[in-house]
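Report on the structure given below.
The values are calculated or read from the model by the stated rules, or taken from the named source; none is laboratory data. Keep in mind that this is a model prediction, so the values were computed, not measured. Virtual Cβ from ideal backbone geometry, glycine too; neighbours counted across all protein chains shown. Just so you know, the surface numbers come from the protein's heavy atoms only, side chains and all, with ligands and any DNA or RNA stripped out. Shrake-Rupley method; radii C 1.70, N 1.55, O 1.52, S 1.80 Å.
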Amino acid sequence: MNPVTEATAPEAKKPALPDAQTVTQVKHWTDRLFSFRCTRPASLRFRSGEFVMIGLMGDPHPKTGKPKPLLRAYSIASPSWDEEMEFYSIKVPDGPLTSKLQHIEVGDEIILRPKPVGTLVHDALLPGKRIWFFATGTGFAPFASLLREPQTYEDYDEVIITHTCREVGELTYGAELIESLKHDELLNEVIGEGFWKKIKYYPTTTREESPKMGRITDLLRSGEAFEDLGVPPLKPETDRAMICGNLAFNQELKALFEEEYGLEEGANSKPAHYVVEKAFLD
Ligand SMILES: Cc1cc2nc3c(=O)[nH]c(=O)nc-3n(C[C@H](O)[C@H](O)[C@H](O)COP(=O)(O)OP(=O)(O)OC[C@H]3O[C@@H](n4cnc5c(N)ncnc54)[C@H](O)[C@@H]3O)c2cc1C
Ligand SMILES: NC(=O)c1ccc[n+]([C@@H]2O[C@H](COP(=O)([O-])OP(=O)(O)OC[C@H]3O[C@@H](n4cnc5c(N)ncnc54)[C@H](OP(=O)(O)O)[C@@H]3O)[C@@H](O)[C@H]2O)c1
């Protein structure tokens, strides 16, 4: 054996992932939900509420042998000013991405394509007095960003966040985040002391006992949600809303908004009263 050759032989280097970012924190909330934080690309600018494509390297192609990135849309759960990125994720047992992503650990690399897009942004809404965020399941993620965004509190007197999940444990990520706002020194300084007093949090469950049971759609229709929150039904003069849930939920709320409350859907190019985004593709 030639010791020189051995000492200087180039190490087999693991190829770095394209658009690689390093995981800095992982928290498992239930057996179906986890959140994680990772480094942020220095050049990435985004608006709170937008989503990006993230993922992992997939298996090598059976013919070419080349590994292909396995990417999915993910709402950015951290606010635009945060030096790291945060994501809130489902674990689909046989899901191509999340069956692997759920096992990431601190120090691992993920792929993050730095091209943020989305409709759940303040720019797509006309000025108003009160903003409503309506979420089911992981649809809470974009609101985790917007609830930490100073503009939310600069633009509105009241911020109402409703979150409907099947079980109580699925509310924990959102509930802890909202509670943490009260004690967050940086946010209280940046946004203004006591900014969190503008928030009204309305969590509901549908399949496990909790203080407020029922789908938010039903609670709006019956008027119970307005009574509980101490606010009048939504109207175009004062209320703005963002919706993020499953397709049926989004469609039901859209119909309610347009037919009952007279709200018009907005877009980046034409701001109006409410905006919608799917929490996942069906
Ligand atoms: C605009 C947009 C933003 C998204 N943001 C997020 C996010 O912030 N967090 C997140 O976890 N997912 C989000 N998703 C869904 C995400 O893109 C993937 O579908 C998810 O990560 C599962 O990937 P997968 O490859 O494991 O399974 P897929 O093959 O992508 O999904 C398999 C099945 O699992 C179910 N499913 C997928 N995602 C969810 C979910 N989030 N909640 C409940 N059931 C689901 C659906 O029935 C789907 O058909 C978003 C999707 C879109 C379109
Ligand atoms: N959450 C779980 O414990 C669980 C466990 C195993 C598998 N899964 C699977 O994972 C997938 C996603 O489940 P998920 O619970 O994350 O999301 P989901 O099915 O979209 O349900 C999330 C919440 O939204 C409510 N909802 C659904 N449609 C609605 C509508 N049209 N209007 C108002 N509210 C509505 C649900 O109430 P309802 O309960 O009344 O539908 C539930 O409280 C499903 O395919 C499910 O079979 C879920």
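Side notes on the structure shown:
- Accessible surface, region 195-282, averaged per residue in Å² (probe 1.4 Å): 53
- For region 144-200, averaging the sequence separation of C-alpha pairs within contact (under 8 Å, six or more residues apart) and dividing by the residue count gives a relative contact order of 47 percent.
- With every protein chain in place, the chain: carbon and sulfur % of accessible area (1.4 Å): 53
- Between residue 222 and residue 272, residue separation times 0.36 nm minus the direct Cα-Cα distance comes to 15.4 nm.
- Free of any GluC sites (Glu not before Pro) that DSSP assigns to a loop and that have at most 15 other C-beta atoms within 10 Å, the longest stretch within the chain is 12-82.
- Against the chain, whose longest principal axis comes from its Cα atoms, helix 247-256 is set at around 20 degrees.
- At q = 0.15, 0.27, 0.34 Å⁻¹, base-10 log of I(q)/I(0) for region 44-83 (Debye sum, equal scatterers on each alpha carbon): -0.49, -0.87, -1.08
- Residue 197/residue 68 FRET efficiency (R0 45 Å; Cβ-Cβ; nearest 0.05): 0.40
- If only the Cβ of Lys and Arg carry +1 and only the Cβ of Asp and Glu carry -1, the dipole of the chain around its Cα centre is close to 920 debye.
- Debye, to nearest 20: dipole size of region 127-166, +1 on Lys, Arg Cβ, -1 on Asp, Glu Cβ: 240
- The string of couplings for region 266-282 from the Karplus curve (6.51, -1.76, 1.60, θ = phi - 60°) is x, 8, 3, 7, 8, x, 8, 9, 8, 9, 9, 8, 6, 7, 6, 8, 9 Hz, one whole number per residue in order, with x for Gly and Pro.
- Global form of region 114-162, assessed from the alpha-carbon gyration tensor, a/c cut-off 1.5: oblate
- Two-site FRET efficiency, residue 43 against residue 129, from Cβ-Cβ distance with R₀ of 35 Å, rounded to 0.05: 0.45
- Zero-based 5 Å bins, Cα pair distances in region 152-282, whole percents: 2, 9, 17, 21, 21, 17, 11, 3, 0
- Debye intensity ratio I(q)/I(0), log10, region 195-257, q values 0.13, 0.27 Å⁻¹ (C-alpha model): -0.40, -1.45
- By the Stokes-Einstein formula, at 1.002 mPa s and 20 °C, region 14-161 with its Kirkwood radius over alpha-carbon pairs has D equal to 131 µm²/s.
- Our compactness index for the chain, the C-alpha radius of gyration over the empirical 2.2 N^0.38 Å, is 1.13.
- In the chain, helices alone account for a calculated mean residue ellipticity at 222 nm of -5500 deg cm²/dmol, with every DSSP H run of four or more residues adding -39,500 (n - 2.57).
- Taking the chain and dividing mean pair separation by its residue count, relative contact order in percent (alpha carbons under 8 Å, at least six apart): 18
- For region 85-192, fraction of C-alpha pairs farther apart than 23 Å, in %: 40
- Length gained when the stretch residue 81-residue 168 is fully extended (0.36 nm per residue, less Cα-Cα span): 28.3 nm
- Amide H contacts of residue 214 (H built 1.01 Å from N, in plane; Pro and chain starts excluded): 205, 206 sit under 5 Å, all sequence-distant by 5 or more or on other chains.
- The H on the amide N of residue 92, modeled in the peptide plane, is under 5 Å from the matching H of 98, 99, each at least 5 residues off or on a different chain.
- For the chain, the longest principal axis of the alpha carbon atoms and the long axis of helix 172-183 meet at an angle near 80°.
- Cα gyration tensor shape of region 168-225, rounded if a/c is under 1.5, else prolate or oblate by comparing a/b with b/c: oblate
- Using a Förster distance of 25 Å, the FRET efficiency for residue 91-residue 207 (Cβ separation, nearest 0.05): 0.85
- Taking 0.36 nm per residue of sequence separation and removing the Cα-Cα distance, the residue 24/residue 103 pair yields an extension gain of 27.1 nm.
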